[in-house]
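Following: one structure in structure tokens, then a few remarks.
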Amino acid sequence: MTAGAAALDSPRAGLQIAIMAVAAFVIVTTEYLILGLLPSLAQDLHISISAAGQLVTLFAFTVMLFGPFLTARLSQVGRKELFVAILLVFGASNALAALSANIWVLALARFIPALMLPVFWGTASETAGQLAGPRHAGRAVAKVYLGISAALVFGIPLGTLAADTFGWRNTFWILSGLSVLMAGMIQAFMPALPAPATKAGEKQTAIFKDRRFLAHVALSVLVFTAMFTAYTYLADMLERLAGIPAAQVGWWLMGFGAVGMIGNWIGGRVVDGNPLGATVVFLLLLIGGMLATLLAVGKHGWLALALAVWGLAYTALFPICQVRV
């Protein structure tokens, strides 16, 4: 056993897992933050909202195309060194985004962290279990995922509020500083953790021969495509179609996220009994919430109610789809 492994049961484990959770929040916020910045950066770079939206597409396709390969290639790197490197990459990329003079530089600043994000996703929960030890692995993983869930729910509204207060470029500078800070925290407080050993002859790709598994993956692709396609332009829709003042859009998105935390809790509770049935029920709620939002754009009271239904279903589908697959 390494010195790092021997320290897993020390009182520092709680601090180390908390650092991992905050690092997860910073990394995943970097992914989703741009959705709330689209109106302001499109105006500043003199491009259309739809052109700015392609930055979201670029990030998503990069994760999809390179994520599995890079995660497999880097799976044997020591976890401490890996996470420090990932966070430094995010720090540099966010700094480049803040300095972007045009959409092409900004696209490069989005492409680079998209390469590293799935590597973090694929190893963070496993590392939390190592830090906490076998007896507390479940709670440790839940704490790290709390940081990820918080980023999914609050990253966009926080980014929108920050952009309105400080400007979209300074929002990226803030994320850059936080990324470097978390890299330093991991370097200072996390023990040296070896990569988990892979069993000889283990074939992780065998599951891709299972047609039922592939069908569930395809369903999740369709569900998440629908969810993110609509949510990408929610901030712009609130501002342009619903007439919400730009300074208030972030607070509307914050409310969407707060309701979403409830949806995340409900989804986690109902999925165990019938994952496929839960997917159908919350997809129907998602459809209803999205359609109601379009019909209620001129009536802010009804719009808030429609967004609450949308937010509830939107966030519930994250754990539901994960468990179903």
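The values are calculated or read from the model by the stated rules, or taken from the named source; none is laboratory data. A quick note: this is a predicted structure, and the numbers were derived from the prediction, not measured. Don't worry about glycine lacking a Cβ; one is built from the backbone with ideal geometry, like all the others, and counts go over all protein chains shown.
Run down Ile207, Ile262 and say which single residue is over 29 Å from Ala52 (Cβ atoms), in contact with a Phe, Trp or Tyr (Cβ under 6 Å, 6 or more places away or on another chain) and either in a helix (DSSP H, G or I) or not hydroxyl-bearing (Ser, Thr, Tyr) (or both).
Values: Ile262 fails: in contact with a Phe, Trp or Tyr (Cβ under 6 Å, 6 or more places away or on another chain).
After applying the criteria, what remains is Ile207.
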Which condition number in (1) buried (at least 19 other Cβ atoms within 10 Å of the Cβ); (2) of a type in the set (Gly, Ala, Ser); (3) out of contact with any Phe, Trp or Tyr (no Cβ under 7 Å at 6 or more places or on another chain); (4) modelled with pLDDT under 90 is the one that Ser40 fails? (3)
For the stretch 41-96, name all the residues that are under 13 Å from Leu117 (Cα atoms) and out of contact with any helix residue (DSSP H, G or I) (no Cβ under 9 Å at 6 or more places or on another chain). Leu65, Phe69
If the requirement is being under 19 Å from Ser179 (Cα atoms) and at pLDDT 85 or above, which of these qualifies: Leu15, Leu45, Leu96? Leu96
Is at least one residue of the stretch 74-84 among the polar types (S, T, N, Q), in a helix (DSSP H, G or I) and touching a residue at least 40 places away in the same chain (Cβ under 8 Å)? no
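Restricting attention to the stretch 271-283, which residues are exposed (fewer than 14 other Cβ atoms within 10 Å of the Cβ) and either touching a residue at least 24 places away in the same chain (Cβ under 8 Å) or not assigned by TED's automatic domain parsing to the domain that holds Trp252 (or both)?
Taking the stretch 271-283 as the starting set, the residues that turn out to be exposed (fewer than 14 other Cβ atoms within 10 Å of the Cβ) are 272-274, 276-277, 280.
Scanning the stretch 271-283 gives Asp272, Leu276.
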Could you tell me how many of the residues in the stretch 76-92 are modelled with pLDDT under 90 and crowded, with 17+ Cβ neighbours inside 10 Å? 2
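Conditions tested, residue by residue: (1) assigned to a helix (DSSP H, G or I); (2) surrounded by fewer than 21 Cβ atoms within 10 Å (Cβ to Cβ); (3) touching a Lys or Arg at 6+ places or on another chain (Cβ under 6 Å); (4) not assigned by TED's automatic domain parsing to the domain that holds His216.
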| residue | (1), (2), (3), (4) |
| --- | --- |
| Ala242 | no, yes, no, no |
| Gly250 | yes, no, no, no |
| Met254 | yes, yes, no, no |
| Arg269 | yes, yes, no, no |
| Leu285 | yes, yes, no, no |
| Ala304 | yes, yes, no, no |
| Leu307 | yes, no, no, no |
